[in-house]
Structure formats: structure tokens, C-alpha cells
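To start, the structure itself, in C-alpha cells.
The values are calculated or read from the model by the stated rules, or taken from the named source; none is laboratory data. Remember, predicted model here, so these are calculated numbers, not experimental data. Neighbour counts run over all protein chains shown; Cβ positions are idealised from the backbone, glycine included.
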Amino acid sequence: MLEAVEKAIGVMRKHYAEPLTLGTLANEAAYSKFHFARAFRGVTGIAPGHYLSAVRIFEAKKRLLNTTSSVSDIVSEIGYSSVGSFTTRFTRKVGAAPSQYRSPEVKQLLACVSRELAQLPDFEVARRAKQSQQIVFEETGSIIGTVLLPENGGAADILVGLFDSAVPQANPIECQVFVDSKRTHLHLARVPVGRWTAFAVAQRSSGTNNSGDFMVTDPTGPIDVVPGGIAQLSLRLRWPTRIDLPVAMTVACPLSLVSTTQIRA
């Protein structure tokens, strides 16, 4: 099952600009469409279509931040036929329109883990940006817990974020950073009431921006935060695998880029 899913994911990553269908991917995996969809969700936690969409959004982010290509050119390069439908999907998933995403602040605060690109933002810059938002939520709770690194991971710089989706694509609704840590005690205060997914990424303290120096967690949730309540959370960092989604999220992006959905959450 894992081998079949890995093969399908390889096709997605190589041919994301093509009109891939569930039938095409199932044939690559030598499964029926029904059994392939069930196997894929069982291994990755999400549906094949959601995985492919996330890969395309990630590729769009890379092009928006690192090229001067027009949005319409990027749309055709990543497999969308309509600028309007892409803009709507991107804005809903990311919390900012494609044109807004090209803000220099977005790139400065980017946390990214993929085979081709891996980086964490400067944590002090991220803290200042987060403080400048000063978003006040009417009802909040707290999350406490631990973040553990692999035994052979050494000390690392760690970013923990809370998201409204099992696929982290927008900026986190709340986050916490740890510098040069081996085991951390997590405490997220003033978390807005809602149902959240936690995700963490870390970079070895002595490492470089090489993907081999980065660790991730599985998206963990749902975490229900109730008014005045304290939810428990335990995260364990691990080395990335071939089935992990590429992740690119902006930490504490400027308030002008924060989606109204997140502000109201």
C-alpha cells in the first residue's frame, strides 16, 4: 500500500501541471479508484485531490516569491486553466490573494520544508511581526504540552503553529518558537476558541538550509479549544519522508494579509 501511494505521489510532484485525475493516479498505483482513494487517505490522512491541490499551491507560492512571472503565467504553469478559480482557491487556502503574497514581508517570514527548499524565518523578526498584529479574540483558551525531538536530532530551532486545516497553507492562528532546544514545554496562551490542527517544523541548531537538517511533525488534531479551557498536546518531531506534503507557511504575516476567517475564529 505504501509503495503504491508513494508512486502516485511521485506522479503528482512530477506532473502536477497536467490534468491528473483520480483514475490516472489509481492506474499508476495499480488500484481501482475506490481502493486507491481509501489507501491514499489511510497512508497520508488526506484525499488524493487535496494532496494534489496542496502541491500546486506550494508550487504557486514558490513562483510568486521567487520569480517575476505574471499570475496568469503561474496559473498555467501549475495546472489551472482559470486565473479566477486559482485566485479564489489560493486566497481561501492561504489567506492572501496572489498579488498580496508577493509582499517582501511574506518571504522574510516564510517557514518552508520540501525536498527542494527548506528554511525557517529569523525568530526575532517573527516575534516582532507577531506582536505588531495585536489581534484580540473575544473568547480564548490555552494549550499546554511538550515537543520532543528524535534521539539523534540534537538541539534545534523549533516552530509550532496552530492551523484551521490538516494541511498547513495559511499563516498559523497562533504560534510559539524555541531556540536551540532539545525538549520543549509548550504553552500557547490566548488561543481563539475553535478546533485546530497543530504542526511543527524544526531545523538543527548547527545545520544549514539543507533539507536534511529539517524535521517535521505529523499534523496533529483536532484540538478543541473552549473558553477558559486548557487543552493538552504532545508533538514528536521526525525526519521527513517521501510522502510528506511540501509545506510553505508565513509566520505572523502582516494583519493586512490575515484572512477574515482567521480573525473571527
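This table checks each residue for (1) within 23 Å of Pro219 (Cβ to Cβ); (2) in the same structural domain as Ile243 (by TED's automatic domain parsing); (3) touching a residue at least 12 places away in the same chain (Cβ under 8 Å).
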site: Glu18; (1), (2), (3): no, no, yes
site: Thr21; (1), (2), (3): no, no, no
site: Thr44; (1), (2), (3): yes, no, yes
site: Tyr51; (1), (2), (3): yes, no, yes
site: Ala54; (1), (2), (3): yes, no, yes
site: Leu64; (1), (2), (3): no, no, yes
site: Thr68; (1), (2), (3): no, no, no
site: Val71; (1), (2), (3): no, no, yes
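The condition of being modelled with pLDDT of 90 or more, farther than 30 Å from Arg13 by Cα and touching a Lys or Arg at 6+ places or on another chain (Cβ under 9 Å) holds for only one of Gly145, Gly141, that being Gly141. When Ser165, Ser181 are checked against the criterion of being assigned by TED's automatic domain parsing to the domain that holds Arg204, under 23 Å from Arg56 (Cα atoms), surrounded by fewer than 17 Cβ atoms within 10 Å (Cβ to Cβ) and polar (S, T, N, Q), a single residue qualifies: Ser165.
Can you say whether Leu233 is of a type in the set (A, V, I, L, M), modelled with pLDDT under 80 and in the same structural domain as Ala189 (by TED's automatic domain parsing), as far as the supplied structure shows? The answer is no for Leu233. Which members of the stretch 25-61 meet the condition of being farther than 30 Å from Arg102 by Cβ and surrounded by fewer than 15 Cβ atoms within 10 Å (Cβ to Cβ)? Within the stretch 25-61, Ala30, Ser32, Phe34, His35, Arg38, Gly42 meet the criteria. When the test is whether a residue is in the same structural domain as Phe214 (by TED's automatic domain parsing), of a type in the set (A, V, I, L, M, F, W, C) and touching a residue at least 24 places away in the same chain (Cβ under 8 Å), Ile143 passes it. Identification of strands (runs of 3 or more DSSP E) wholly contained in the stretch 129-233 with 1 or more residues that are over 21 Å from the mean Cα position of the chain (by Cα) and not hydrophobic (A, V, I, L, M, F, W, C) yields 140-148, 174-181, 183-192.
What about Ser205, is it closer than 14 Å to Thr146 by Cα, among the small types (Gly, Ala, Ser) and surrounded by fewer than 20 Cβ atoms within 10 Å (Cβ to Cβ)? Answer is no for this residue. Just name the residue that is farthest from Val201 (Cα to Cα) out of those in the stretch 116-131 that are modelled with pLDDT under 80 and touching a helix residue (DSSP H, G or I) at 6+ places or on another chain (Cβ under 8 Å). If we take residues in the stretch 116-131 being modelled with pLDDT under 80 and touching a helix residue (DSSP H, G or I) at 6+ places or on another chain (Cβ under 8 Å), then Ala129 is farthest from Val201 (Cα to Cα).
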